[in-house]
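In what follows, a structure is listed as structure tokens, so that the remarks can point back to it.
The values are calculated or read from the model by the stated rules, or taken from the named source; none is laboratory data. A quick note: this is a predicted structure, and the numbers were derived from the prediction, not measured. Positions of Cβ are backbone-derived with ideal geometry, glycine not excepted, and every protein chain shown enters the neighbour counts. Heavy atoms of the whole protein, side chains included, go into the accessibility calculation; ligands, DNA and RNA do not. Shrake-Rupley method; radii C 1.70, N 1.55, O 1.52, S 1.80 Å.
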Amino acid sequence: MREAVIVKGVGGLYTVRKDGKPYVCRARGIFRKEALTPIIGDYVEISEIDEEKMEAVIDEVFERRNKLVRPSVANVDQLAIVIAPIFPKPDFLLIDRLIITALYKGITPILVINKSDQDRLACDEIRKEYKHALQSIVITCAITGEGIEELKSLLEDKITVMCGQSGVGKSTILNSILETQVMETGDISDKTKRGKHTTRHSEMFSLKEMDGYVIDSPGFSMYELGEIAPIELQKYYPELDGKTFCKFQDCSHTKELGCMVDELIENGLFPEGRYDRYKYIYEEIKEKELNKYK
């Protein structure tokens with residue numbers, strides 16, 4: 001990793017971590033002229049370092065490898081999608097969209113099934129749903145510590161964004177990983193069975209005793225599917241990508257009789273729920289493309 005990285009940005013001031021120390025920085029006016037706003041995850045060059053006041057100036061923002069819009073973060077290696085098995089109810093369509101966005105951006109998606117004490121069987125069913133789509137699926141319980149060490153090993157030497165519905169335990173997991181109370185935690189509403197938002201701004205935390213950063217964000221609507229053509233959608237489904245035995249050239253894998261999807265589903269390689277959501281997202285993207293120039 002480059003030695004200086006933005007870990008927080010509030011009100012035009014940026015906290016830059018360099019050599020293990022945080023500096024409060026302002027950005028030079030040239031960035032405004034170039035319409036470039038530094039964001040969390042940016043690797044930067046700083047100068048005019050005042051060790052007494054722990055202040056400095058951002059001179060340069062290095063080229064970004066990728067960028068997410070919501071939350072606004074750069075140079076992300078992994079997207080940790082955190083869900084609960086029962087409460088709040090998992091939004092599988094959101095999960096699939098987040099996986100597509102991650103793969104489209106060149107980011108590795110990880111599924112974290114937290115609160116395993118709610119329903120272990122439900123956790124196993126969710127893992128089965130995604131076992132052919134993701135390389136890493138971790139079942140955790142932040143309260144008991146289950147799976148936390150496994151998750152920490154996946155975060156080492158990476159910049160990871162944690163996302164998911166409110167109430168799934170992201171902040172509690174982060175506190176467990178960092179072994180300190182850095183984030184406020186919330187409860188599930190008894191009436192709505194939905195979580196209460198506790199994170200109010202994005203911030204990047206350095207992992208203890210290992211290289212790597214974790215970003216907790218108040219926003220999780222970061223899916224960006226507008227630039228994906230309908231026929232390209234299959235490239236972001238590992239269950240479909242690279243499969244060459246479909247007899248139809250340029251097949252959309254949505255409704256063609258005899259398409260390879262039938263065999264994949266029959267052999268348990270592409271769960272029907274995932275496939276139904278694939279068709280839904282395909283039609284959604286197709287409609288957007290048709291209406292693009294209207």
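Among the GluC sites (Glu not before Pro) in region 28-59, those placed in a DSSP loop whose Cβ has at most 12 other Cβ atoms within 10 Å are Glu34, Glu51, Glu52. Here's the list of aspartates and glutamates a cross-link from Lys255 could span, going by alpha-carbon distance under 13 Å and ignoring same-chain residues fewer than 8 apart: Asp276, Glu283. Here the chain has 46 percent of its accessible surface on carbon and sulfur atoms, given a 1.4 Å probe and all protein chains in place. Between Glu146 and Cys141, the built amide H atoms are under 5 Å apart, and every one of these is 5 or more places off in sequence or on another chain.
Computed about the Cα centre, the dipole magnitude for region 1-121 is approximately 500 debye when only Lys and Arg (+1) and Asp and Glu (-1) carry charge, each at its Cβ. Once the Kirkwood radius over Cα pairs is known for region 44-122, the Stokes-Einstein relation at 20 °C and 1.002 mPa s delivers a diffusion coefficient of 137 µm²/s. Taking every C-alpha pair closer than 8 Å and separated by at least 6 residues, the mean separation divided by the residue count of region 110-174 gives a relative contact order of 34 percent. With unit charges on the beta carbons (Lys and Arg positive, Asp and Glu negative) and the dipole taken about the Cα centre of the chain, which residue among Phe31, Val112, Asn291 sits farthest to the positive side? Final value for the positive-end residue is Asn291.
Angle of helix 272-290 to the longest C-alpha principal axis of the chain, folded into 0 to 90 degrees and rounded to 10: 70°. Averaged over its residues, the chain has an accessible area of 52 Å² per residue, based on protein heavy atoms and a 1.4 Å probe.
Say the cut-off is 26 Å between C-alpha atoms; which of Lys8/Lys115; Lys8/Lys235; Lys89/Lys170; Lys8/Lys158; Lys105/Lys288 go over it? The pairs that break the limit, which is 26 Å between Cα atoms, are Lys8/Lys115; Lys8/Lys235. A run of the chain free of exposed loop cleavage sites, with chymotrypsin sites (Phe, Trp or Tyr not before Pro) counted only in DSSP states other than H, G, I, E and B and at most 14 other beta carbons within 10 Å, reaches its longest extent at 63-244.
Label region 140-183 by shape, choosing from rounded, prolate and oblate, from the square roots a ≥ b ≥ c of the eigenvalues of the Cα gyration tensor; if a/c is under 1.5 it is rounded, and otherwise prolate applies when a/b is larger than b/c, oblate when it is not. Because its axes are fairly even, with a/c under 1.5, region 140-183 counts as rounded. Dipole size of the chain about its Cα centre, with +1 on Lys/Arg Cβ and -1 on Asp/Glu Cβ: approximately 880 debye, rounded to the nearest 20. Considering only Ile143, Ser153, Ile95, the residue lying farthest towards the positive end of the dipole of region 73-158 is Ile95, judged by Cα position with unit charges set on Cβ.
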